[in-house]
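No value in this document is a laboratory result; all are computed from the given coordinates. In this text the structure is predicted, and so the values were computed from the model without any measurement. Cβ sites come from the backbone with ideal geometry, for glycine too, and all protein chains shown count toward neighbours.
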Ligand code: ATP
């Protein structure tokens, strides 16, 4: 169903000088889905997210978001359309408190949303992130790695994303915390109906919370499927993932 597509990428090409990082790449994300983007180091996953969120411009190809061609829009115009990117190295303001970081997450719609409403939204968010409530006055830079990642995601939620791009939210985290962060992503989707496109090295853990997955290799999609199908069958899993 084409009306259900929040994101449609067609024949996208991006090169860093002589290095072709995206090679005629096409894929899509449906409204409300969690889609995992898998693939070995250097496959082009980070490049794809940066190109979608406008941090860099594709040399050719098209990116449709909610039916609009956003390929050539600058990043700040894309953010305004509620397409929010949480980059690989969690960008929180480490010298500000947790609560101030959350307020800043709402900055681009602060004029539309009264401060009172933002406070209410933070209270709601605290129900999903009790640890952030507990640490609301702590400086963000003194949180643990897992807590910082949760804050980075919570801050992105304050921007009311319709599509959330998450680049390796579990990078550098202990396995038990990885599960916690990924479970949280699923709870956020279930609660806010946020569509999520997720890069994850933890293939198994990410498939467990995802609806569908794509496998990238050499800048293009080499496989796609429903997460449940891939998880159900070891042979499929192996064939599907290759050396991802
Ligand atoms: P990883 O899982 O290791 O983060 P990735 O799938 O996200 O990998 P990208 O970071 O998108 O892959 O990199 C894709 C290719 O582009 C790699 O060959 C990489 O070396 C190259 N590349 C990425 N950024 C740059 C850059 N700024 N300048 C030159 N080459 C780059």
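One decimal place: the segment residue 76-residue 40 gains 10.0 nm when fully extended, by the rule 0.36 nm per residue minus the C-alpha distance.
Inter-part distance, segment 174-194 to segment 1-75, computed on C-alpha centroids, equals 23 Å. With contributions of -39500 (n - 2.57) from each DSSP H run of at least four residues, the per-residue ellipticity at 222 nm computed over the chain stands at -11000 deg cm²/dmol. Maximal additional length on extending the residue 16-residue 174 stretch stands at 53.6 nm, based on 0.36 nm per residue less the C-alpha distance. Considering only 176, 52, 70, the mean-square fluctuation computed in a Gaussian network model of the chain, springs between alpha carbons under 10 angstrom, is largest for 176.
In a fully extended conformation the segment linking residue 133 and residue 55 would gain 24.9 nm over its present Cα-Cα distance, using 0.36 nm per residue. Taken over segment 18-168, the percentage of Cα pairs per 10 Å bin, counting from 0 up to the bin with the maximum distance, is 10, 36, 33, 17, 3, 0. Highest mobility in the GNM of the chain, judged by mean-square fluctuation with C-alpha springs under 10 Å and restricted to 179, 20, 50, is found for 20. From least to most packed, judged by other beta carbons within 10 angstrom and beginning with the fewest, 38, 49, 73 follow the order 73, 49, 38.
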